[in-house]
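Here's the structure, in structure tokens; my notes come after.
The values are calculated or read from the model by the stated rules, or taken from the named source; none is laboratory data. All values reported here derive from a predicted model rather than from experimental measurement. Every residue, glycine as well, gets a Cβ built from its backbone with ideal geometry; the counts of neighbours run over all protein chains shown.
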């Protein structure tokens, strides 16, 4: 009975993964397409990769996308987590206010947020460019982080931190050694969502940027008057980079724990 | 672990700060134009020739461009469409172009200096043409006999023989233009009855013809022969015709939209001098030739036109390439705020009528 | 514990400037109109009336809501089991799977949706495959099916991750306790697992339903221009028609509808919580 269940769930998981990766694989295959079409594969060629690398605009857009995404993720995760923890201890009134305000960027159509920010930046005569894009990204990422961390905080045992402080820990220690580790999954998934939102963003970025600062989404949208297969090449490269990053993330912790256990077994030897 | 993280963040800040301070003392030019509308070699060659840096920004619609201009963004060269240029002139966003600085101006094809192509800026005081063309019917000669296209013209898009086999262009201006011309009205009309008649025409199409209403998917779609009929811009048609020999292009006798995209210099341009040089560069023979070969739209340089349409030329025999000229029923779009809003709302309704 | 409250202050300032003020600007535009008279802003309800009294616009609103609801439901149906299965893996495997699920979302949404337009075309992969068996071509693209597929595809990972987060930190000893007390697997699930994972489901719904309602890119690409959503109308008002007042009004209407639906879900959530505690 259990085996059937396990196989069944493995198959189900497999189908979901296939579904999620089908377009990506498709994009990768067609990045090597000789022709321009998205449906007919006419031959194998690297030409779109050549075109992509020699395209300054594309390379710049890639750079800005990554930098903004990394910075926005780091900052919004920090601020978001801190705020979420603070919120969980706040009075009901403040909690409600912040939660309501938080909903605004999430539930507003992106274009509305974009226009609102555009109006704001024009109002205070803040020249549009890299910083406005970054600020906008941080702005819409933080609510997602808060949204991710809050459920974890809700299921968190409220007495743990108190207990820690009773036992002599400083608030800072209680924070970093008790609360934060407990909500780590929420923080991590919040950071992941923030990165995704930023990396992928189009509408908001388009309206609040300027000075030639562009990102991949803007480029794809504006350069797709005819389907531009160089974009496929770009996406494939991104997939490769991210996959390598994933592998590293996986290998390093297991290497670290191997080292740890080595050290521990040496210690044990010495004790003996 | 924490320290490492901090160091990484600092490094990133430094990196981004460095990238922001810009590169050196080269002169800068900022251009803003539609996507996929310029040969990939044009800007790098210009940069090398004049030892400058060019920032290229892309927009996918005139309206999006307008929103940014209105918000105060600065550019040196814009490439909007005729009706948008009319609006920018009206609202005083542009500065006059010093034609004496445009040495290649005389090589612009005469058709562009006459009606209807020059109506939005009669003396080229503010603009220098970039690409031009018409809007027409592209059809699959295997499934749609020429005689039918010739006799029905735009009405073929209501001919239920072809239901489910048509593309329609998703833009209120271009969409409304079709019934306006087909019914014999001006496409710039403000007459409410005419507008409603055109609206009902479109509702008819949407309810009986099952059209696919998209923008640029049409190009690949027709190149792959997925549908039999579509409304396209002449430059896109030229591309499709070169990819798919079953396809043909037709400009109807009831008249159609003829258009010009032109280069303009906004009032707040930081480097108008360099802007002039750029404009002059773009319409020069070699550059214009490369540009029209790469993009597919009709060049504004007379000699280039002669070269590519001559026997053996790249667009020889491609009936979509050279736009029709001097046909009195062809019109250019005017800038009309009332019409703009009205059509926008009606188009959404027509689409939703399915 | 109260010292932690202070941590909220920086964000309060930030959100006032970056979130509240732009919204106020939008409110300003929604309730006014650019009059021709001396006063630039005339207070009026005209914008709202124009939208709410028009059957076509209301139909569009209904379509957007319908599609968003369908998308959200399918995401839950597919997402919950997926999250459940992953939550049972070992710690290492869990993290790996989370990254596997999230990776697709890092690839640009427009590009992935374009890929679907290629896959679903009449001469695309699926139809080419079916033609081997002499079936088809079935119109896949530019249909309801394509739009929902594209939306689910885009939002599913978010739902999975949110539910997974809840399931993962659930106290499994509660489950064991229930089992010891004689509850079967079904009852354990219904009375313990499900209620305790509700916060995750609610977060998931928030991350899916809200953007789905206002989405216009995906419906346009996979459904064609005739797939008019509320987002499409708003976009056209801000960009083509230049009628920022009308556009702002529509956005407000949508925001209010969403606020109401979130309020209802919150009430449900509270109810669930009480139930869970009673076990």
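Which residue, of B:319, B:302, is closer than 26 Å to residue B:180 by Cβ and surrounded by fewer than 21 Cβ atoms within 10 Å (Cβ to Cβ)?
B:319
Find the helices (runs of 4 or more DSSP H) located wholly in the range C:1-110 whose residues include 2 or more that are within 11 Å of another protein chain (Cβ to nearest Cβ) and in contact (Cβ under 8 Å) with a residue 24 or more places away in the chain, and list them.
Counting at least 2 such residues, we get C:21-30, C:46-52, C:55-87, C:91-106.
(1) buried (at least 18 other Cβ atoms within 10 Å of the Cβ); (2) at pLDDT 90 or above: which one isn't true of residue B:118, the others all being true?
So residue B:118 meets the others, but not (2).
Could you tell me whether the range B:3-18 includes any residue that is modelled with pLDDT of 80 or more and surrounded by fewer than 17 Cβ atoms within 10 Å (Cβ to Cβ)?
no
Looking at the range A:92-139 only, could you name the residues that are assigned to a loop (DSSP other than H, G, I, E, B) and either within 8 Å of chain C (Cβ to nearest Cβ) or modelled with pLDDT of 85 or more (or both)?
Scanning the range A:92-139 gives A:108, A:109.
Give the residue, chosen from C:236, C:226, C:203, C:214, that is at pLDDT 80 or above and touching a helix residue (DSSP H, G or I) at 6+ places or on another chain (Cβ under 8 Å).
One residue alone meets the criteria, C:203.
Collect the residues in the range B:177-195 that are within 21 Å of the chain's Cα centre (by Cα) and either over 16 Å from residue B:258 (Cβ atoms) or surrounded by fewer than 22 Cβ atoms within 10 Å (Cβ to Cβ) (or both), keeping them in residue-number order.
Hits for the range B:177-195 are B:179, B:186, B:188.
What's the number of the condition residue B:341 fails, among (1) within 22 Å of the chain's Cα centre (by Cα); (2) modelled with pLDDT of 85 or more; (3) surrounded by fewer than 22 Cβ atoms within 10 Å (Cβ to Cβ)?
Unmet condition: (2).
Out of A:65, A:57, report the one residue that is within 11 Å of another protein chain (Cβ to nearest Cβ) and in contact with a strand residue (DSSP E or B) (Cβ under 6 Å, 6 or more places away or on another chain).
None of the other options fit; the residue is A:57.
Tell me which residues, restricted to the range A:177-196, are over 15 Å from the mean Cα position of the chain (by Cα) and within 9 Å of chain C (Cβ to nearest Cβ).
Once the filter is applied, which keeps residues that are over 15 Å from the mean Cα position of the chain (by Cα) and within 9 Å of chain C (Cβ to nearest Cβ), the range A:177-196 yields A:179, A:182, A:183.
Which of (1) closer than 30 Å to residue A:215 by Cα; (2) in contact with a helix residue (DSSP H, G or I) (Cβ under 6 Å, 6 or more places away or on another chain); (3) surrounded by fewer than 20 Cβ atoms within 10 Å (Cβ to Cβ) is the odd one out, the single condition residue C:72 does not satisfy?
(3)
Does at least one position in the range C:179-187 carry a residue that is crowded, with 16+ Cβ neighbours inside 10 Å and part of a helix (DSSP H, G or I)?
The answer is no, given that none of the residues of the range C:179-187 is crowded, with 16+ Cβ neighbours inside 10 Å and part of a helix (DSSP H, G or I).
Is it the case, given these coordinates, that residue B:262 is touching a residue at least 12 places away in the same chain (Cβ under 8 Å) and part of a strand (DSSP E or B)?
Yes; evaluated as a whole, the condition is true for this residue.
In this structure, is residue A:153 more than 9 Å from chain C (Cβ to nearest Cβ), closer than 17 Å to residue C:15 by Cβ and surrounded by fewer than 22 Cβ atoms within 10 Å (Cβ to Cβ)?
No; evaluated as a whole, the condition is false for this residue.
Wholly within the range B:54-155, which helices (runs of 4 or more DSSP H) include no fewer than the required count, namely at least 2 residues that are touching a strand residue (DSSP E or B) at 6+ places or on another chain (Cβ under 8 Å) and within 14 Å of another protein chain (Cβ to nearest Cβ)?
Ranges flagged: B:62-70.
Determine if the range B:330-345 includes at least one residue that is within 30 Å of residue B:164 (Cα to Cα), more than 14 Å from chain C (Cβ to nearest Cβ) and part of a strand (DSSP E or B).
Checked the range B:330-345: at least one residue is within 30 Å of residue B:164 (Cα to Cα), more than 14 Å from chain C (Cβ to nearest Cβ) and part of a strand (DSSP E or B).
Please state which of the following conditions residue B:306 fails to meet, knowing it meets all the rest: (1) within 14 Å of chain C (Cβ to nearest Cβ); (2) under 29 Å from residue B:101 (Cα atoms).
Against the list (1) within 14 Å of chain C (Cβ to nearest Cβ); (2) under 29 Å from residue B:101 (Cα atoms), residue B:306 comes up short only on (1).
Give the residue that is nearest to the other protein chains (Cβ to nearest Cβ), with candidates limited to residues of the range A:205-228 that are at pLDDT 80 or above and in a loop (DSSP other than H, G, I, E, B).
By that ranking, first place goes to A:214.
Identify, please: which residue in the range C:116-132 is at the interface with another protein chain (Cβ under 9 Å from one of its Cβ atoms) and modelled with pLDDT of 85 or more and is, among those, nearest to residue A:20 (Cα to Cα)?
If we take residues in the range C:116-132 being at the interface with another protein chain (Cβ under 9 Å from one of its Cβ atoms) and modelled with pLDDT of 85 or more, then C:116 is nearest to residue A:20 (Cα to Cα).
Can you name the residue in the range C:147-173 that is without any contact (Cβ under 8 Å) to a residue 24 or more places away in the chain and more than 9 Å from chain A (Cβ to nearest Cβ) and, of all such residues, is farthest from residue C:116 (Cα to Cα)?
Going through the qualifying residues, I end up with C:173.
Pick from the range A:23-32 the residues that are in contact with a helix residue (DSSP H, G or I) (Cβ under 7 Å, 6 or more places away or on another chain) and without any contact (Cβ under 8 Å) to a residue 24 or more places away in the chain: which of them is farthest from residue C:150 (Cα to Cα)?
Taking the candidates together, the pick is A:26.
So residue C:47 ticks every box in (1) surrounded by 20 or more Cβ atoms within 10 Å (Cβ to Cβ); (2) more than 21 Å from residue A:106 (Cβ to Cβ); (3) within 26 Å of the chain's Cα centre (by Cα) but one. Which box is left unticked?
(3)
Here is a check on your reading of the model: is residue C:168 closer than 25 Å to residue A:219 by Cβ, at pLDDT below 85 and in contact with a helix residue (DSSP H, G or I) (Cβ under 7 Å, 6 or more places away or on another chain)?
no
If we scan the range C:130-139, do we find a residue that is closer than 30 Å to residue B:344 by Cα and surrounded by fewer than 24 Cβ atoms within 10 Å (Cβ to Cβ)?
yes
Considering every residue within the range C:153-160, establish whether at least one is over 25 Å from residue A:15 (Cβ atoms) and part of a helix (DSSP H, G or I).
Within the range C:153-160, none of the residues are over 25 Å from residue A:15 (Cβ atoms) and part of a helix (DSSP H, G or I).
Return the only residue of B:240, B:218 being crowded, with 19+ Cβ neighbours inside 10 Å, within 14 Å of chain C (Cβ to nearest Cβ) and in a helix (DSSP H, G or I).
Among B:240, B:218, only B:218 is crowded, with 19+ Cβ neighbours inside 10 Å, within 14 Å of chain C (Cβ to nearest Cβ) and in a helix (DSSP H, G or I).
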